[in-house]
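FYI, it's all coordinate maths here, none of it is from the lab. Only a predicted model underlies this, so the values are computations on that prediction, with no experimental measurement involved. Note that each Cβ is placed from the backbone with ideal geometry, even for glycine, and that neighbours are counted across all protein chains shown.
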Amino acid sequence: MPPENFSNIEQQVASLCEAHDCEPHRLLQILIQVQEIYRFIPPEAITSIARHLNLPRVSVEGAAGFYSFLSLEPAGNYRVLFSDNVTDQMVGNQELMRQFCSKLWLEPGKVSEDRLVSAAFTSCTGMCDHGPAALVNGQPLTNLTSDRIDLIADLILGKSPVSNWPSALFEVNDNIRKTGMLLDKPFVSGNAIGAVLARGPDATLAEIKLSRLRGRGGAGYATAEKWTGCRNAPGSMRYIVCNADEGEPGTFKDRVLLNSYADLVFEGMTVGARLLGCAKGLLYLRGEYLFLLEKLEGILKRRREDGLLGHNIFGETGFDFDIEIHVGAGAYICGEESALIESLEGKRGRPRNRPPYPATHGYLDQPTVVNNVETFACAAIIAFRGGKWFGKIGTWQSSGSKILSISGDCARPGIYEYPFGTSVQEILDDCGVDEAYAVQVGGPSGVLISWKELDRRISFEDLPTAGAFTIFKRGRDILQAVRNYADFFAHESCGFCTPCRVGTQLQKKIVDKIANGHGTASDLEELKHLGHLMKTMSHCGLGHTAPNPVLDMLEKFPGAYEQKLRNLSFEPAFDLDAALETARRITGRDDPAAHLP
C-alpha cells in the first residue's frame, strides 16, 4: 500500500465515524470499512476510532482482534483465503494452496516480502457446491483448478485490480436441484403484508401458531412462542433480527435464499415487525457473503420505493418499519443469537449469560426476536397461505419443508427442498450417490450417521438439521473428516469458557495424535470423558456440540481409527525423532547415528 494512503488516516476515520453518527454499536462496520481502505487496521486508526466513538482503545483493539477477517498487521494488497472445509479438502484444496504459494514464492500464513500478497486457510466459505473455493479481498473465487490458480497468480503478479479480473473466477450459481413449498413458485412482493393487514396482527400470530413453525436454524424453537414472548415484553423499542451468519460448515442454503428469494425473506421480517410492533429490523450478513451486499441493498431500496418498507407501509397509517444490513467479519460463534447481538452492538461476538433471553433483553437491551433466514421465508408464506396449509406438510412435530445444502461425494451437489420426514436414502438417490458410507447431517455440530442408518428421516424428532448434508462415499477416511471438524471447533471457540476453550484444543490434539499413528486405548477413553465435560459444562452451543463428530465416529466407525492405535496403554503424542527430520535434511545426514534409538 503506497505511503500516501496512510497520510490522511485521521481524516478518513473521522469521515467514517461521522457517517455512522459516531455510534459505538457501529464499531464493527467502521472497522470493516477501515480494512477495505488499508487492507488491515492501522494502530493510528484504532486510536482515532476510540476517540471518535468515546470508547477505550483496548475495546476497539479487542474487537478488531476477535474477527478473523480483520487484521491488525498488514495482510497484503491481495489477501487470499482458501476455504478449508472438509468438502474443499476432498477436491484438492491443499495441493492448490501449495501450487499458489510456490508460484508466488510465498509461505502459507505469511505476507510476501514486498507486502503484495498473503495466503492462508479459512473456515467454510459457504461455497461447498463450488469447491475448491477461496476468497480474495472478501470476494469469492469458485471452482478452482490448477489452471485457474496459475491465472490468479499471474493477475496478482501483474498487480491487476480484483475488479478487473475475469468474471468467470467469481461465478456463484444457486444450483437449485429440487424445489418445494418455499422455492417452487415466484413470490409476489406485498402479498404477505397485505394478508396480515387484512387479517390483523393477532389473527396472523394465531396462524403462525397453527402452522407449528419451528426455527430453521437448528434448535427448532417454536416461532410463535418466541414472537409472543417478545411481543409481551416491556420495552421502549422492539427489534427483529435476521440471522444470516450461515457459518456451519457444509451449509449454503441461506446464500441461495438471499441471492434469489430476498423479497420473501424481507417480507417475512416485515410480517414479524407488524405482529410484534417493531420499527427496525437488522439483517446480520456473514462476511463471506459480502458479495451479496450491493444486491440486497438494491432490493431494500426498491421495497422502500414500492411502499413495502419505510413509513405507512402499504398505506397503513403508523405501520413504520425499515431494515438495515450489518456485515460480519468471520466468526462462527456469531451464529449463536446472543453472540450475534453482541456483534451487532459492535463488540466481540461472545455469548451472553442467559437468562435474560433476547426476547426480553436483546439488542441494545430491548426486546428482540432473532430468527434464521429460512424461518422468515416460512413466516411470509404462512402469512399469505395460512397456518393450516403449512401444517399439512411434513410431520406433526416438524411441519413444513426443509432446505438442504447437499455436498461431498454426490453427482449433483446443490440445494434440495424436502418435506420434513423424508428419509436419508431418498435424498441420496435424488442427488446421485452410488454407495454412501457416511453422512454428516447438520454440519459438524449435528449427527454423523453410517450406511446402516439411511432409513432415518430429516425431522426434529429424528435428524434435526440447520441445512448441511455432507456425503462421504465408501473409501473415504472418516478419521480425516472428523479431524477437520475438530480443528474447526478449536479454531472457532471464542474462548469465553474453560470447558470449550481448553476442551476443543485437547480434543484436536488427541484426534491428531490418533491420526498420526500414536493413539492408544486410553486416548479413546479420554475423548469420551472430554466430550462429556464439554457437553455438560460449556457455556453455549458451540462447546455443547463440538464433541459430536468425534463421539459419533467412536461409536459408529471403529474401523476409522482402530488400525492406527498402538497396543500400549499410553504413548506420548510428541515424536522427538520425527521432529529432528528437518535438522537431518539440513545436515544431509540420515545414518543410524542421526536417529534416536
**Message:** Given contacts defined as C-alpha pairs under 8 Å and at least six residues apart, what's the relative contact order of the stretch 3-66, whole-number percent?
**Reply:** 36 percent
**Proxy reagent accessibility, fewest Cβ within 10 Å first, across Thr251, Thr375** = Thr375, Thr251
**Request:** Take the stretch 287-353, drop everything but the C-alpha atoms, weight them equally and run the Debye formula without solvent; then report log10 I(q)/I(0) at 0.12, 0.25 Å⁻¹ to two decimals.
**Result:** -0.45, -0.95
**Prompt:** Taking the inverse of the average 1/r across all pairs of different Cα atoms in the stretch 402-475, what Kirkwood radius in Å do you get?
**Reply:** 11.8 Å
**Complete:** Hydrodynamic radius by Kirkwood for the stretch 145-198, inverse mean 1/r across distinct Cα pairs, in Å, is 15.5 Å
**Asked** Quick one: which of Lys388/Lys535; Lys226/Lys253; Lys178/Lys295; Lys185/Lys402; Lys226/Lys402 span more than 26 angstrom between C-alpha atoms?
**Response** Lys388/Lys535
**Asked** If you compute P(r) over Cα pairs in 10 Å bins from 0, in percent for the structure shown, which of [x] 3, 15, 23, 22, 17, 11, 5, 2, 1, 0; [y] 3, 16, 26, 27, 18, 7, 2, 1, 0; [z] 3, 12, 16, 16, 14, 12, 10, 8, 6, 2, 1, 0 do you land on?
**Response** [y]
**Asked** Can you give the charge dipole size of the stretch 177-391 about its Cα centre, rounded to the nearest 20 debye, using +1 on the beta carbon of Lys and Arg and -1 on the beta carbon of Asp and Glu?
**Response** 540 debye
**Asked** Listing Phe187, Phe170, Phe376 from the residue with the fewest other Cβ atoms within 10 Å to the one with the most, what is the order?
**Response** Phe170, Phe187, Phe376
**Prompt:** Relative to the Cα centre, what is the charge dipole magnitude of the stretch 81-170, using +1 at the beta carbon of each Lys and Arg, -1 at the beta carbon of each Asp and Glu, and rounding to the nearest 20 debye?
**Reply:** 180 debye
**Request:** Compute the length gained on full extension between Ser15 and Lys392: take 0.36 nm times their separation in residues and subtract their Cα-Cα distance, giving the result in nm to one decimal.
**Result:** 130.3 nm
**Complete:** Helix-only [θ] at 222 nm, the chain, -39500 (n - 2.57) per DSSP H run of 4+, per residue, nearest 500, equals -12500 deg cm²/dmol
**Kirkwood hydrodynamic radius (C-alpha pairs) into Stokes-Einstein, the stretch 422-535, 10 °C and 1.306 mPa s, D in µm²/s** = 103 µm²/s
**Three-way shape call for the stretch 177-391 based on the alpha-carbon gyration tensor, with the a/c threshold at 1.5** = rounded
**Residues Cys378, Cys540 arranged by fewest to most Cβ contacts within 10 Å** = Cys540, Cys378
**Asked** At what distance in nm do the modelled label points of Lys452 and Thr317 sit from each other, each positioned 7 Å from its Cα along Cα→Cβ?
**Response** 6.9 nm
**Message:** Need one number for the stretch 358-427: average projected area of the convex hull over its C-alpha atoms, nm².
**Reply:** 7.0 nm²
**Fill in**
Here the net charge surrounding Gly391, from other residues whose Cβ is less than 11 Å away from its Cβ (Lys, Arg +1; Asp, Glu -1), is +4
**Asked** Which helices count as membrane-span-like in the chain under these terms: full DSSP H, at least 20 Å along the axis by C-alpha, Kyte-Doolittle mean of 1.6 or more?
**Response** none
**Request:** Please give the FRET efficiency for Asp430 paired with Glu562, using the beta carbon to beta carbon distance and R0 = 35 Å, rounded to the nearest 0.05.
**Result:** 0.55
**Message:** Under 8 Å for C-alpha pairs, at least 6 residues apart: give me the relative contact order for the stretch 78-173, rounded to a whole percent.
**Reply:** 32 percent
**Descending semi-axes in Å of the stretch 268-420, equivalent ellipsoid built from Cα gyration tensor** = 25, 23, 19
**Request:** Report, largest value first, the span of the C-alpha coordinates of the stretch 78-173 along each principal axis, in whole Å.
**Result:** 34, 26, 21
**Request:** Could you tell me which GluC sites (Glu not before Pro) in the stretch 453-562 are loop residues by DSSP with no more than 16 other beta carbons within 10 angstrom of their beta carbon?
**Result:** Glu461
**Message:** What's the whole-number percent of alpha carbon pairs in the stretch 3-66 lying beyond 18 angstrom?
**Reply:** 22 percent
**Complete:** One computes Rg over Rh for the stretch 1-118 from alpha-carbon atoms, with the Kirkwood Rh, and obtains 1.06
**Prompt:** Per residue Cα convex hull volume for the stretch 515-597, in cubic angstrom?
**Reply:** 133 Å³
**Asked** Put a dot 7 Å past each Cα toward the Cβ at Asp575 and Thr587; how far apart are the dots in nm?
**Response** 2.0 nm
**Prompt:** What is the diffusion coefficient of the stretch 239-329 in µm²/s, taking the Kirkwood radius over Cα pairs and the Stokes-Einstein relation at 20 °C with a viscosity of 1.002 mPa s?
**Reply:** 160 µm²/s
**Message:** Straight-line reach from Lys564: which aspartates and glutamates fall under 20 Å, measuring Cα to Cα and dropping same-chain residues less than 8 apart?
**Reply:** Asp477, Asp487, Asp512, Asp523, Glu525, Glu526, Asp552, Glu555, Asp575, Asp577
**Complete:** Output row, site Asn516, 7 Å Cα→C-beta label point, backbone N cut-off 19 Å, window the stretch 550-565, residues 561-565
**Message:** Which three extents, in angstrom, do the Cα atoms of the stretch 488-553 have along their principal axes, listed largest first?
**Reply:** 32, 20, 17
**Asked** Straight-line reach from Lys159: which lysines have Cα under 21 Å away, leaving out those fewer than 8 places along the same chain?
**Response** Lys103, Lys110
**Asked** Of the listed peptides 119-125, 203-209, 21-27, what is their order by residue-averaged count of other C-beta atoms within 10 Å, with the highest listed first?
**Response** 119-125, 203-209, 21-27
**Item:** Normalised contact order of the chain, rounded percent, pairs of Cα under 8 Å and 6 or more residues apart
**Value:** 13 percent
**Request:** Report the charge-dipole magnitude of the chain in Debye, nearest 20, computed about the Cα centre from +1 at each Lys and Arg Cβ and -1 at each Asp and Glu Cβ.
**Result:** 1160 debye
